[in-house]
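Let me begin by presenting the structure, written as structure tokens, before commenting on it.
What follows draws every value from the coordinates through simple rules; no lab data is involved. All values reported here derive from a predicted model rather than from experimental measurement. Reconstructed Cβ throughout: ideal geometry from the backbone, glycine too, with neighbour counts over all protein chains shown.
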Amino acid sequence: MKIGMITDSLPALSFDELLTTAARLGLDMLEFGCGNWSSAPHLDLAGMLDSDMARRTFKARLADHGLAISALNCSGNPVHPGEHGRKHDKVTRDTIKLASLMGVDRVVMMSGCPGAPGDSHANWVTTEWPPEVREILRWQWDEVLIPYWRGLVAYANNLGIRKLCLELHGHQNVYSVSTLARLRDAVGDTVGANFDPSHLMWMGADPIVATQTLGGAIYHVHAKDTRIDPIIGARNGVIETVPGDQWRERSWNYITLGYGHGEAWWSEFCAALANAGYNDVLSIEHEDPMMPALEGVEKSVALLERTVFDRPRRAAAI
């Protein structure tokens, strides 16, 4: 296994500072946000699409630091009603095109979530009652989601991209093992998982059981932890709408690796990944509101160095 990081974790660093820091930490790979919900702090999507020299220079600078690209990331909602969805769809397709031009075989994204007929905003249905939600779900999947993804898979395949890695995330139609299986059954195995255990944690699933179930459908992994507050969670449950910057009042928060689930859990998770046949990158995603970003990444790297399987060792840069 390899240790990587999505570079949105350290957005304040310049590109040169990012590469120097990644090499110092002994990282193997970097994942780059290209737009949509990412501010794309380290990659100019339009500029890279327009210039072969820019693409060559980008990859050469990574190689000079002993780094490779694990994936490009365009997480957003390309099936959102109206102009918002059209803009996200364009970034999605441009990111897939850039991946093809750069020889990157994986694009990390989310499934998206439509509204109901006539809605102007996305509508994430999480219950089977009242009765109208069943029709909303049918319409979302049959009329919007499956047709969109059939077209996107064909577009990606025509460009040689055969791994679209969906993050199982709240406010998306694909948020669980069963919903991912439903989409794969409809559009094929170009669609797989960007497996991030932190979302399953707060939604009440067991990421290790999910890993065992998904097996070869895991195409990329995010390393992120969640802590559920035992008092607030017990009182309010985990359906949480308190803003993230008010973390003291929330029932759960994303947190630095090891502070929600200890090292023993992460060792078991890495073992489950290995048993499922995954021997690739764990890409650290730091979203801990309580810890400075660089400190959180450093602690996360240290934990993964003790828990990943069969990692090719290389000396960290001084």
Give the order of Tyr259, Tyr254 when sorted by the count of other beta carbons within 10 angstrom, beginning with the fewest.
-> Tyr259, Tyr254
From DSSP H assignment alone, runs of 4+ in the chain each adding -39500 (n - 2.57), the sum over residues rounded to the nearest 500 puts [θ] at 222 nm at -12500 deg cm²/dmol
Kindly put Glu17, Glu287 in sequence by how many other C-beta atoms sit within 10 Å of each C-beta, fewest to most.
-> Glu17, Glu287
How high is the relative contact order of region 168-244, in percent, counting Cα pairs under 8 Å that sit 6 or more residues apart?
-> 28
The chain, relative contact order [Cα under 8 Å, separation at least 6], % = 19
Among Trp265, Trp129, which comes first, second and so on when ranked by fewest other beta-carbon atoms within 10 Å?
-> Trp129, Trp265
